[in-house]
1. Between the helical axis of A:46-65 and the dominant principal axis of chain A, each derived from Cα atoms, what acute angle in degrees is found, rounded to the nearest 10?
2. So for segment A:265-387: antiparallel DSSP bridges make up what percent, rounded to the nearest 5?
3. Summing +1 for each Lys or Arg and -1 for each Asp or Glu, what net charge is found among the other residues whose Cβ lies under 15 Å from the Cβ of B:F211?
4. Count the net charge of all other residues whose Cβ sits under 13 Å from the Cβ of A:K219, scoring Lys and Arg as +1 and Asp and Glu as -1.
5. What number in nm² do you get for segment A:34-190 if you take the convex hull of its Cα atoms and divide its surface by four?
6. List A:K100, A:K309 from most exposed to least, where exposure is judged by having the fewest other Cβ atoms within 10 Å.
7. So what's the angle, to the nearest 10 degrees on a 0 to 90 scale, between helix B:239-252 and the longest Cα principal axis of chain B?
8. May I ask you to sort B:H190, B:H61 by Cβ crowding, counting other Cβ atoms within 10 Å and putting the fewest first?
Amino acid sequence: MIRKWVKKGLAASVAATVALGISYGNAVAADPIKIGTFLSVTGPASFLGDPELKTLQIYVDELNAGGGVLGRKLELVHYDVQHDAKKAQTAVKRLIEDDKVDVIIGGSTSGQTMAVIPLMEAAEMPFISLAGAVAIVEPVKKWTFKTPHTDKMACAKIFEDMNKQGIKSIAMISGTGGFGKSMRGQCTALAPAYNIKIVADETYGPKDTDMTPQLTKIKNTDGVQAVLNPGFGQGPAIVTKNFGQLGFKVPMYQSHGVASKKYIDLAGSASEGVRLPAAALLVANKLPDNDPQKAVLVSYMSTYESKTKDAVSTFGGHAYDGLQMVVAAMQRAGGTDKAKVRDEIEKTSGYIGTGGIVHMSATDHLGLDLSAFKMLEIRNGDWSLIK
Amino acid sequence: MTLKHPSTGGLLILAVIIAILPSILPNNFYMDVAIRIGLNAIVCIGLNLLIGYAGQISLGHAGFVGLGAYGSAILTGEFGWPAIPAMLVTALFVALLAFVLARPVLRLKGHFLAMATLGMGIIISIVLNTEARWTGGPDGMAVQPMMFFEYMVFGEAVWYWIVGAALLIAVWLSLNLIDSPVGRALRAVHGSEVAAEVCGVNTTQYKVKVFVISAVFASVSGSMLAHYGAFVSPEDASFFRSIELVTMVVLGGMASTYGAVVGATILTILPQALARFEDLEHMVFGLILMLTMIFMPKGLVPTLSAKFRRSPVKVEAESEAQGGGAT
């Protein structure tokens, strides 16, 4: 009998916990403009979420120090969703329903973003994603925008350069992680438009430590004029090393996924001559002074690096662009009315950001063209701009 | 086996809680948490039958959840099946898979069994990650909403009642199973397999049965999760999800159906309640788990109910006798 009472008591306390346990921190919605964000600050995608969150914090503080937006302070509400689409969904519900934010900037990975798009559209809340996949904005969703370049653009930029070099048939070796897989699909679909034939198509796993077999196969394939390696993390560095060891005579192309100094350090001398598309942020100081982006890039880079003591990355830049565009849209809309802010974000035109110069429209919720990517070549262990 | 259970009181209380919760919860976010508690609890109830009663560990149960989720997603999305048949066929497929796997796997004991189920879970997770044509790969895929004929099931308000009803059914099934000859045979297996076999219990058969049942619980929960979230991703089937599920069962209390529900409730709420602590979240989470395990090694529900009992042995004997009388 007592046992039953215990069960009842426990069950009742369960109910109480559900009702009360989470209500901690349920702050009174007052004057500040609430900017919601959910990012992968810990876990395997933390290299994305960490600079993104730091950037948002730095610039929200900066805007507040300057008097806020429309005379109101900004408040950043953040939840760490690690690498989990389900956590992202719950975080977004919380931001919308419980925190009652005015706009959401977030979603470090494409999976998280895709998982929350239905919620954003149902809630009619302006949403700026910080993830790469082209599927986020193609087809266009009414309330969803994004700032980072797509993998499709990277493919186009690479193929454009190949066309200039007269390269007609290539070999591809792709990582099987989310990034490599998505980009491989985009490049395969786009290649015919640039008259490029993929004559060998190899893959490697995210934890593989030797890609010599795949590269040997590519080397023995006739007519390979260049090797393209869509991938992320340490995989491309190993591919580059093996590529060097096998003494390939053809050029190697990497993606914007390796656009960090770490890649050059890992791949060592084998990375000499490797070409890749990347955002201008990487070569901010090397841009000519008349480049319209230069001032923005240098300012973001010095602010970020002095505040965090970390090296700047393009990912934090995406968060910067998202925040600036939202703030500008709110100023133009004269308030935080969701529909008006959304319309104003869509009207963003000529915004100069770290990712490029943004011209959004009703049919383009990214607003970047190929000029947003710079083609880089690695020379003497450093990035150099090629025309 | 009769379908009558001496402690229907607990079930009634649970039903009352489920009935009044929506009027207490302030908004849809809390409803969402409640729904996720329900879905986790269903998996844990099944897993508890395996861990708590049959004494067999599974470190791959998220694999079954993932199969349930992707099965429903693919059958409704790619083949245009209605949601309910898709869910049932998926559950049947998972049952078959569990049945085929169970015989070789459940021959193993202790660490080896843990390793085998762990391997199974990881294989499922790899398949979901790599078969991108069907599963959308590491980024996951969108799922069609559940349709009941012409009516589209959408939103927390509707899903809450569906999951609530499913949870009650799961608890009821579990309580009945435990109180049936199967349940007693399982407990005998847990106590000592050799002794159970000497007493004429076909241990392998019972272990296989309960493995299949718990896999089906996981699959059905996964199917509902897929339709509710409108999205599936390989994380649903990841190794860490499996560990999380086992932790829920162990924290709530092994060999206690309500323990599984309590464990699922606490471990679903805790990360939400701690989300504001940012960096401290993981430390506080770990600390709570450690303290529970040190001071309540049997889990919350069994430890607390033992504390409130004056003479545990007597009550145990009584309830045992009652249980016996019901069959």
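1. 60
2. 100
3. Residues close to B:F211 contribute a combined charge of +4.
4. My count for the surroundings of A:K219 gives 0.
5. 11.0
6. A:K309, A:K100
7. Taking the Cα atoms of chain B, the angle to B:239-252 is about 40 degrees.
8. Listing B:H190, B:H61 from fewest to most nearby Cβ atoms yields B:H190, B:H61.
Any read-out appearing in this document is the output of simple, stated calculations on the displayed coordinates, not a laboratory observation. Keep in mind that this is a model prediction, so the values were computed, not measured. With ideal geometry, Cβ positions are generated from the backbone for all residues, glycine too; neighbour counts draw on all protein chains shown.
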